[in-house]
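See below for the structure under consideration.
The values are calculated or read from the model by the stated rules, or taken from the named source; none is laboratory data. Just so you know, these numbers come straight off a predicted model, no measurement behind them. When we count neighbours, we look across all protein chains shown, and the Cβ atoms used for this are built from the backbone with ideal geometry, even at glycine.
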Amino acid sequence: EFEGKTYELVPAGNYKVGQVDEQGHWTGDDATTGKVIEGDKNVTYVYKLKEDPTKPKEGDVIITYVDEKGKEIKKPRQDTPNSPYDTPYNTTEEGEKPKTIKTPDGKTYKIVPKGDYPVGKVDGDGHLESSDPTKGKVEKPRSIITYVYKEVKGDVHVHYKDTEGKTIKTSVVDEKDQPVDKDYDTVVDNRPKTITTTDGKVYELVPAGNYTVGKVDGQGHLESSDATTGKVIEGRKDVTYIYKLKEQPAQPKGNVYVHYVDENGNTIKQSVTDEFGQPVGKDYDTVIDNRPKTIVTADGKVYELVPQGNYPVGSVDGDGHLTTTDPVTGKVIEGDKNVTYVYKLVDTTPEKPVTPTPGKPEQPTPGKPVDPAPKAPAKATPVKPAQEMAQLPNTGEESNVAATAALGLLATASGLALAAKRKKTEE
């Protein structure tokens, strides 16, 4: 007894003081048995006022609201105050089981669907099955019905497209998993005036108007998408901005041409283009690929770069470059640059050995005596002697004269024959 009232240990259960076990012991304190330690131990037992047998039994019904982990998100609500046992109660009436709950810190919760959660198993009414029934009769000092909720969150995504609806930039998340009704503003940090794509193209926000993609307002915002500013809702919002390709001023461009001439300035090879239509300021180098050491012309002539020096065409440096023309390396300028290399002809005729020609007598020129080359004497051909004439009587005169005349005729004939044969041979 205490102050004239009688109390008794409570049965196991959840009370305002906390969880109580079968011994009536408050589990939030030290164990009911154990060993003494240095200092203090505190063991607490929980009691309730003992009912007067002459008085009808009464009980109340309390509703609690927790999140998926069992954390209280709203103060408990009394459905039925102390009422006699068998008094009917119903915790599903309006206001007792709200679909959504908004907490003082601005968060919004909604009742969970049927399923298993960290707090326990929940039925189709969002009711924690381990708690007391949502409807029934008062049958104990306190009945506790628990409803389970989850925080409602939302996202805001921003998209960037051209007038045809083609994406030109990866979408960004303006708000991620934010509580419902939180303010958002995509204009402040996610509405760039221009966008440069990976391929170097520049886009700008379009003015208000009708485009293939749809109607666009003065902010470049596609009106058929979610508002550029507002409040987060459950799920997601999608805001779209529309851009067009920005007109770029004409970029000044230039060319670099390379020419090939001989020492006198005559072209020996068709000119080549080292750079064409390139932006001003781009580096060029004609030495690497457009300065051959030798050039072979269509007619087979071979030319080579001249050494440094002065030539009829002008002064040439150590690169074979005509110094009065543009530099061999440098930067492109607006317009043209002309680089000239100078070459000289290479003597490629090989020395051929001279084959001696056998001597040939000159042809005689009319009116001019010619000394014939000495010839080997012709081999004398034996002449068969003519048949001896009948020997005359040796008078000492006529026979000798006749013999002498015959010999003279024979000698003359032989000489003429030899002369004719020699002439034919010479011819």
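Worth a mention:
- Given (1) under 24 Å from Thr348 (Cβ atoms); (2) in a loop (DSSP other than H, G, I, E, B), index of the condition Pro327 fails: (1)
- Counting only strands (runs of 3 or more DSSP E) that fall entirely inside segment 247-302 and contain at least 3 residues that are among the hydroxyl-bearing types (Ser, Thr, Tyr) and on the phi < 0 side of the Ramachandran plot, the qualifying elements are 267-279.
- Thr103 meets the conditions (1) surrounded by 17 or more Cβ atoms within 10 Å (Cβ to Cβ); (2) closer than 24 Å to Val232 by Cα in every case but one. The failed one is (1).
- Screening the candidates Val112, Val66 for the property of being touching a Leu at 6+ places or on another chain (Cβ under 9 Å), within 30 Å of Asp181 (Cα to Cα) and hydrophobic (A, V, I, L, M, F, W, C) yields one hit, Val66.
- Taken together, Lys169, Lys237, Lys246, Lys269 contain a single residue that is basic (Lys, Arg) and either at pLDDT below 95 or out of contact with any His (no Cβ under 9 Å at 6 or more places or on another chain) (or both), which is Lys246.
- Among the residues listed as Lys97, Lys55, Lys74, Lys69, the single one being exposed (fewer than 14 other Cβ atoms within 10 Å of the Cβ), under 28 Å from Gly154 (Cβ atoms) and either assigned by TED's automatic domain parsing to the domain that holds Lys231 or among the charged types (D, E, K, R) (or both): Lys69
- Residue list for segment 73-117, restricted to those being under 28 Å from Gly59 (Cβ atoms), part of a strand (DSSP E or B) and acidic (Asp, Glu): Asp79
- Residue that is nearest to Val112 (Cα to Cα) [pool: residues in segment 41-72 that are touching a Gly at 6+ places or on another chain (Cβ under 8 Å), without any contact (Cβ under 8 Å) to a residue 40 or more places away in the chain and not β-branched (Val, Ile, Thr)]: Tyr45
- Considered as a group, the residues in segment 236-255 that are in contact with a Phe, Trp or Tyr (Cβ under 8 Å, 6 or more places away or on another chain) and among the β-branched types (Val, Ile, Thr) include one that is surrounded by the fewest Cβ atoms within 10 Å (Cβ to Cβ), and that residue is Thr240.
- The set of residues from segment 125-162 being surrounded by fewer than 17 Cβ atoms within 10 Å (Cβ to Cβ) and among the small types (Gly, Ala, Ser) comprises Ser130, Gly136.
- Applying a threshold of 7 Å to beta carbon distances and a minimum spacing of six or more residues, or different chains, the list of pairs starting in segment 194-206 at a residue that is without any contact (Cβ under 8 Å) to a residue 12 or more places away in the chain and ending at one that is aliphatic (A, V, I, L, M) reads Thr196/Val202.
- Against the test of being assigned to a strand (DSSP E or B) and within 21 Å of Lys5 (Cα to Cα), the options Lys55, Lys48 yield a single qualifying residue, Lys48.
- When Ile37, Ile111, Ile63 are checked against the criterion of being more than 21 Å from Gly136 (Cα to Cα), touching a strand residue (DSSP E or B) at 6+ places or on another chain (Cβ under 9 Å) and of a type in the set (Val, Ile, Thr), a single residue qualifies: Ile111.
- Options Thr297, Thr286; residue that is of a type in the set (S, T, N, Q) and touching a residue at least 40 places away in the same chain (Cβ under 8 Å): Thr286
- The number of residues in segment 152-188 that are without any contact (Cβ under 8 Å) to a residue 12 or more places away in the chain and in a strand (DSSP E or B) comes to 2.
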